[in-house]
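For reference, the structure is listed below as structure tokens.
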Amino acid sequence: MKTSVQFGIIANSKTRVRCIFCKVYIPKANKCIEQHINGSKHKENFELMTENGISFNTDILYCKPCKSYLPDNHSISEHIEGAAHANWVAAMDDLVDGEFIRLNAYLSSDTENVFCEVCKKNIHCTLQNIEEHVNSLNHRSHIVEKLKPINGIFRVNNEDEVWCKVCDEYIDSHVLNILEHIDEDDHHMEWFMEIEDLMEGQDMSIVNYLANEFEKFAYCNKCKVEIICNAQSIEQHVNSESHLNQFS
Ligand SMILES: [Zn+2]
Ligand SMILES: [Zn+2]
Ligand SMILES: [Zn+2]
Ligand SMILES: [Zn+2]
Ligand SMILES: [Zn+2]
């Protein structure tokens, strides 16, 4: 009988095999092994591995983020909940949040790089490298270009300024200034909160309104009508009989 390394099952003795994901011994019979591999505990461990950058090398588990082998008496969940690993994950999640950096691909494969979608660039994945990258002006300007069309921000003839359609306001075109407007300007944020709140679950879209300078309307996909894009009109529309009828 073959033992399948692919599933973390390795030969142990004449009568049993071992699952290195689950740290358990299994009778050496196809039926028992199959049952184990299809069991929820095994699947859960395998999922934890792919979510956490843990792979296996013949008979030992290796954690890529921690750059360390897991001691044989350590379960996968023990390792993940341990301080070193948990701190890495928390710090990394914090760094890549909203930065268009694909961490999952790094964690679930054997690459040493993460891919930055906005810079179209691979970065060798260490906390320090990622921190440097996300704070670089180059990355921040790519982020701004990505955020402009979903925030209603447009270039104007004067290069020193951009125009925020949502706030009808000219703002300094420096990258950090635009990001500050998007993330911290009260009026800007409140507009989005109010509109998104009204549109939630209503199958309406303001994508075109935000991306096209001259578009005046939000669009209701249910009623196939355009609605002036402001809180008052949208509120009227979502409460109108014709709109509500589309949902009944
Ligand atoms: Zn297992
Ligand atoms: Zn780890
Ligand atoms: Zn980048
Ligand atoms: Zn604004
Ligand atoms: Zn409608």
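The values are calculated or read from the model by the stated rules, or taken from the named source; none is laboratory data. Predicted, not measured: the structure shown is a model, and the values here were computed from it. Because the Cβ atoms are built from the backbone with ideal geometry, glycine has one as well, and the counts that use them run over all protein chains shown. The protein model used for the area step is the full one, side chains on, heavy atoms only, and it has no ligands, DNA or RNA in it. Shrake-Rupley method; radii C 1.70, N 1.55, O 1.52, S 1.80 Å.
Of note:
- Normalised alpha carbon radius of gyration of the chain [divisor 2.2 N^0.38 Å]: 1.45
- One chain, two ends: residue 180 and residue 16. Fully extended at 0.36 nm per residue, the span grows by 52.9 nm beyond their Cα-Cα distance.
- The stretch 100-155, accessible surface, carbon-and-sulfur percent (1.4 angstrom probe): 48
- Scattering curve values for the stretch 187-246, log₁₀ I(q)/I(0), Debye with Cα scatterers, q = 0.17 Å⁻¹: -0.51
- Per residue convex hull volume, Cα atoms of the stretch 5-72, in Å³: 73
- Residues of the chain: accessible area per residue with a 1.4 Å probe, Å²: 60
- Among the trypsin sites (Lys or Arg not before Pro) in the stretch 111-175, those placed in a DSSP loop whose Cβ has at most 14 other Cβ atoms within 10 Å are 120.
- Over 20 Å between alpha carbons, listed pairs 120/148; 120/165; 14/41; 41/67: 120/165; 14/41; 41/67
- Extension gain for residue 203 to residue 129 (0.36 nm times residue separation, less C-alpha to C-alpha distance): 22.6 nm.
- Alpha-carbon centroid distance for the pair the stretch 112-131 / the stretch 56-105, whole angstrom: 16
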